[in-house]
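What follows is a set of notes on a single structure, which appears directly below.
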C-alpha cells in the first residue's frame, strides 16, 4: 500500500517516541522496527529519520549518547526523556481520538465490492 | 588497510562531508547506518562490492540526505536556498545577479534617506537628528528585506507602517520634549527599528522560535559587517580629507555632509545583502567573536562588581556608575542572545556554557544592586522620566537574567532540550523589549511633560 507523504510525516514523531519507549535504540534498528511494526508497509528513508531524531533531541524529547556496537563501531544511541514520555502520552490520546472517530464513521458504512475493512 | 570495502566507505564519507550543512557527527551516524545495511546484505549472501552498492543505493541520493540534514541542522534559510529549495519558494526570489543590482538600488535609497534631514534643514542638523537615526538607517534595509523575502501583505504593511510610526513618534515629542525625553527617545527608537527589521527578515516565521532566532542571527551578523564597513569607510574619509588638505581645500563639508550620511545609509543595505550573500564567512567568525568576548566581558563584570563593592556605599552609587551598570547589563543580555545563535546544536555543555553562567550570575548581582539604587533614588527624589526608564529597564533585565540563569544551570547539567528552552525564552522576550520601548517613546514623555 502506498501511504501518502503527509500521513507518514504526521505519524513519524509518535512512531519514534513509541519505539524508544520500548528501550534505547539507534537509527538502523529504529528503521527496522518501523518496518516490523507496520508489516513492511511503512518504509522510511534515512533522510526522514535522522533529521527527525535530531529535531526531537533538540526540543528535549529524546537524548543521545555515543556508544559502541557489538562489533566495536561508534554508534549513536537514543533514549526517551521524561518530556518525551509526556509528549508520547499526548500523541497517543490524540491518535486514539482520531482513530476512534474514523472507526465509528466506518462502522456505519457499507463497503461493497473489492474494498474491505477487514 | 587495503580492504576495498573500507576504501569505498572512506570515499563515500568524504563525499558526504563535502556537503554544506552535514556535520562530521552526522556522517559518523550515517556511516554506522550504512555498515548496518552492508552487514545485513552480506549475511544474505552478497559480496562486499554488491552489498556496498546496494546499501548506498538504499541510503538514497547524498544530495537529498544532505538537504534534509541541512534543513534540521542549520535551521538557516540561506542554506536551504543554496541547496536549492524546491518549488514555489525559489521561484519568487530572483537569482544572484539581479539581487546585487536591487541591493545596490536599495543602498542608494538608504544613502539618500540618511541625507534627507540635511536637505530639509539646509542650515544644518542638530541633536534631533539622533531621534530619527534608527528609522533613517533601517528603513531601506527593511525595504530590501521585504523585497528579498516577500513575506506577504500583513508583515510588509506592519513593518513599513511600524517604521513610519516610529519616526513619527520620535518627531511628535521631539520639539516639545525636555532634554531628558530627547535622550530616552533617541535611545529607544532604534530598539523599535531593530525589532521591525527583524520582523521584515523573519517574515511569517516571526511567531516561531526558529524564525526569530534566524532574525536575531541576521542582525548580529549585520552588525559585524557594519563595523567592518564602517572601519573601511572611516579610513576612506580620512584619506579624502588628507588629500584635500594637501591640495589646500577644506573637505569637512563634503566628508561629513555627503560621504558620511550617504555611506552609512548605503552600507546598512550592503551589509544586509552581504549577510545573506557571503554567509559562510561570518558564520565562521561569529562563534569565534563570541568565544573571545564572552570571557572578557565576564572579567569586566567581576571588575565592575569589585568597583561597586569597593565604593563602600552599595546603596548610594553615583549616577554615572549606575549608567555604566545598565550599559554593561544590556551587553550581557546581547552576548547571551548572540551566543545562542552561534551555538552548535548538538553536543553537551562546554567550558563556554560555564563562562556564560558566570557572566549571567555576575549580571544578576549587578542588576540587583542597580535596582536597589534606583528604588532609593525614587524614594529620595521622587519619580522622574529618567528614573522610570531605568527602573523599567532594570526590571526587564532582572526577569530576563533570572530565568536565563536558571536555564543555563539546566544547560550545564546537560538537561535534554535546555538549549531550545533558552532560545524560546530569549526570543520570547523580544516583543517585551518592543513593548517597553514603545512605552518609553510614546507614553512616558507625555506623562512627564511638565
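The values are calculated or read from the model by the stated rules, or taken from the named source; none is laboratory data. Note that this is a predicted model, so its numbers are computed, not measured. Note: ideal-geometry Cβ built from the backbone for every residue, glycine included; neighbour counts use all protein chains shown.
Some observations on this one:
- Condition met for residue B:38 (more than 10 Å from chain A (Cβ to nearest Cβ), surrounded by fewer than 19 Cβ atoms within 10 Å (Cβ to Cβ), within 21 Å of residue A:66 (Cβ to Cβ) and in contact (Cβ under 8 Å) with a residue 12 or more places away in the chain): no
- For the stretch A:33-60, residues that are more than 7 Å from chain B (Cβ to nearest Cβ) and part of a loop (DSSP other than H, G, I, E, B) total 7.
- Matching residues, the stretch B:333-382, being more than 22 Å from residue B:394 (Cα to Cα), in a helix (DSSP H, G or I) and free of Cβ contacts under 8 Å to residues at least 24 places away in the same chain: B:351
- Selection from the stretch B:7-35 of residues that are touching a strand residue (DSSP E or B) at 6+ places or on another chain (Cβ under 9 Å) and more than 11 Å from every other protein chain (Cβ to nearest Cβ): none
- Assessment of the stretch B:73-84 against the conditions (at negative phi, at pLDDT 50 or above, within 11 Å of chain A (Cβ to nearest Cβ) and in a helix (DSSP H, G or I)) yields at least one matching residue.
- Condition met for residue B:55 (more than 11 Å from chain A (Cβ to nearest Cβ), assigned to a helix (DSSP H, G or I), modelled with pLDDT of 85 or more and in contact with a helix residue (DSSP H, G or I) (Cβ under 9 Å, 6 or more places away or on another chain)): no
- Boolean, residue B:167 is part of a helix (DSSP H, G or I) and over 25 Å from residue B:426 (Cα atoms): yes
- Condition check for residue A:27 on (1) out of contact with any strand residue (DSSP E or B) (no Cβ under 8 Å at 6 or more places or on another chain); (2) crowded, with 18+ Cβ neighbours inside 10 Å; (3) at negative phi: one failure, at (1).
- Looking across the stretch B:399-433, not a single residue is surrounded by 20 or more Cβ atoms within 10 Å (Cβ to Cβ), free of Cβ contacts under 8 Å to residues at least 40 places away in the same chain and over 21 Å from residue A:54 (Cβ atoms).
Residue by residue, here is whether (1) surrounded by 16 or more Cβ atoms within 10 Å (Cβ to Cβ); (2) within 14 Å of another protein chain (Cβ to nearest Cβ); (3) at pLDDT 85 or above holds:
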position	(1), (2), (3)
B:66	yes, yes, no
B:95	no, no, no
B:110	yes, no, yes
B:124	no, no, no
B:135	yes, no, yes
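- Qualifying residue in the stretch B:429-448 (condition: farther than 15 Å from residue B:188 by Cα, in contact with a helix residue (DSSP H, G or I) (Cβ under 7 Å, 6 or more places away or on another chain), away from chain A (no Cβ under 14 Å) and at pLDDT 85 or above): yes
- Filter pass, residue A:77 being over 22 Å from residue A:92 (Cβ atoms), surrounded by 20 or more Cβ atoms within 10 Å (Cβ to Cβ) and within 12 Å of chain B (Cβ to nearest Cβ): no
- Here residue B:250 passes the criteria (1) outside any helix (DSSP H, G or I); (2) surrounded by 23 or more Cβ atoms within 10 Å (Cβ to Cβ) except the one numbered (2).
- Positions within the stretch A:80-102 being without any contact (Cβ under 8 Å) to a residue 24 or more places away in the chain and touching a strand residue (DSSP E or B) at 6+ places or on another chain (Cβ under 6 Å), in sequence order: A:81
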